[in-house]
Amino acid sequence: MHVPDGFINAPVSVAAGVVAVAGVGVALRGARRELDDRTAPLAGLTAAFVFAAQMLNFPVASGTSGHLLGGTLAAILVGPYTGVLCVSVVLLVQALLFADGGLSALGVNITVMALVTVVVGYGLFQLVLRLLPKNRSSVGAAAFVAAVVSVPASALAFTGLYAVGGTTDVSIGKVAAAMVGVHVLIGIGEALITAVTVSSVLAVRPDLVHGARGLIKPPRLRTVEASEPKAGPGGPAEPSRA
């Protein structure tokens with residue numbers, strides 16, 4: 001999914017860069033309401049997890065491979081605004097240090113892989129969650145559906161940008177068929193990772209999962225009160241002496 005330099009022409013790349021800057025700016029303001037001393041460390045861990053997961057590719061079909069995009073996962077765990085920031089930081093580091101996606105195409109990549117996946121994924125997650133019972137299984141199911149849809153939605157967004165500013169001779173029909181077809185399969189893998197990760201965090205600390213906050217109460221530890229010594233036949237019980 002990472003778009004290299006020169007694959008999209010300069011005007012469209014600049015336009016996508018403007019959209020990306022505006023989206024990140026809105027996310028910076030919104031993240032102030034999502035982050036606190038308790039959730040800020042989780043945001044760092046989420047960004048690190050997405051970064052590591054994007055470096056690992058899994059086979060899909062016909063010699064192609066895919067990797068986690070992470071927008072839906074990040075949005076559910078730490079909130080949509082913070083999720084945009086997490087994925088954007090990952091894409092910036094990859095472009096600077098690993099040449100995974102070009103610097104001139106960074107705006108395209110942030111728009112397609114951060115903004116689209118978060119908006120589509122988190123919006124669909126909330127919609128599905130409203131239709132299901134309020135329990136852990138429903139959160140996992142909603143995360144699965146949202147992640148499945150967010151990946152081909154990202155591929156469709158890229159196809160639209162390519163239709164306007166693509167620089168290769170490949171027809172838009174072939175690009176659309178290849179991108180959407182492959183990314184439907186990639187979306188299934190992403191959905192499994194997202195659902196398992198969200199369910200795992202939910203089982204331990206449901207209060208830290210932004211998308212399920214207020215729906216599921218954290219597990220309670222039962223405390224056993226110490227019983228008072230019972231009085232014996234001859235009067236009050238006395239502590240034993242060695």
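The values are calculated or read from the model by the stated rules, or taken from the named source; none is laboratory data. Here the structure is a predicted model, which is why all the values come from computation and not from measurement. In this analysis, Cβ positions are derived from the backbone assuming ideal geometry, glycine residues included, and neighbour counts consider all displayed protein chains. What goes into the accessible areas is simple: the full protein's heavy atoms, side chains included, and nothing from ligands, DNA or RNA. Shrake-Rupley method; radii C 1.70, N 1.55, O 1.52, S 1.80 Å.
Numbers below:
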read-out	value
Contacts under 6 angstrom Cβ, first residue in the range 153-172 being at pLDDT below 90, partner assigned to a strand (DSSP E or B), 6 or more apart	GLY165/ILE8
Boolean, THR82 is assigned to a helix (DSSP H, G or I), more than 14 Å from the chain's Cα centre (by Cα) and at pLDDT 95 or above	no
Residue check, ARG33 surrounded by fewer than 23 Cβ atoms within 10 Å (Cβ to Cβ) and under 21 Å from VAL148 (Cα atoms)	no
Close pairs from the range 176-192: first among the small types (Gly, Ala, Ser), partner buried (at least 17 other Cβ atoms within 10 Å of the Cβ) and not in a helix (DSSP H, G or I), Cβ under 8 Å, at least 6 apart	GLY189/VAL60; GLY189/GLY66; GLY189/LEU68
Residues of the range 103-152 satisfying the condition of being in a loop (DSSP other than H, G, I, E, B), touching a residue at least 60 places away in the same chain (Cβ under 8 Å) and open to solvent by 10 Å² or more (accessible area, probe 1.4 Å)	LEU103, SER104, LYS134, ASN135
Selected residue [modelled with pLDDT of 75 or more, surrounded by fewer than 13 Cβ atoms within 10 Å (Cβ to Cβ) and under 30 Å from TYR81 (Cα atoms)] from VAL204, VAL184	VAL204
